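Written below as structure tokens is the structure these notes are about.
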Amino acid sequence: MTVLAGPTAVGKGSVAAQVRSRWPAVWISVSVTTRAPRPGEQDGVHYHFVSDAEFDRMVEQDELLEWAVVHGQHRYGTPRPAVERVLAEGRPALLEIDLQGARQVRRALPDARFVFLAPPSWEELVRRLVGRGTESEQERERRLATAKVELAAEQEFDVTVVNDDLEAAADRLVALMGITP
Ligand code: 5GP
């Protein structure tokens, strides 16, 4: 089990998408979230989009391995049964989650490998966040504030991968997972 975390807009989703298309043998968890789908996002592929009530139910019934409120707004979580099934099968598995979630997984699965995806620089991170253009000004400010705190957590991780180049970063990630790029 490998956990990929890092600040907002560093490209965790893009690196995970690279892994999904180039190494289909790697299983990637599909999270549940209470946020609305963005254009092009498909239910069950990018996320399982659920209501607040359904998320409450999953928390109460202990169906989530970890969950967190991200950017002070929506809830995101990792469905536990799928993770347990894949671990039992011994398949290489990847969780792409936020820092709070990574800390919970460290408690639940201490043997997992924790990878911090870092931007080449703070300026580049800001550029990527603005460049994505999918968030409002207020939302962008909130995410930058979260990113600052998240960058400081790098030393909690086993290893850092710098996302200077998407394909190269994905190559380095799967190499860490013991897969030949
Ligand atoms: P976005 O809304 O841009 O898709 O994702 C926002 C943040 O939520 C990203 O930092 C992403 O890593 C995080 N995230 C996605 N799924 C999960 C999850 O299952 N658990 C946690 N803790 N964070 C998640």
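Readers should treat all values here as calculations from the given coordinates under stated rules, not as data from a laboratory. None of these values were measured; they are calculated from a predicted model. Counting neighbours? That spans all protein chains shown, and the Cβs are built from the backbone with ideal geometry, glycine included.
Laid out as a table, the results:
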read-out	value
The stretch 2-176, dipole about Cα centre (Lys/Arg Cβ +1, Asp/Glu Cβ -1), debye to the nearest 20	160 debye
Contour minus Cα-Cα distance for Gln42 and Glu63 (0.36 nm per residue)	5.4 nm
Normalised per residue, the volume of the convex hull around the Cα set of the chain (Å³)	115 Å³
Amide hydrogen neighbours beyond the local backbone of Thr2, cut-off 5 Å, H modeled	Ala93, Leu94, Leu95, Arg113
For peptides 62-72, 156-166, sequence by mean Cβ density within 10 Å, most packed first	62-72, 156-166
Taking only Cα atoms of the stretch 97-178, radius of gyration then Dmax in Å	14.0, 41
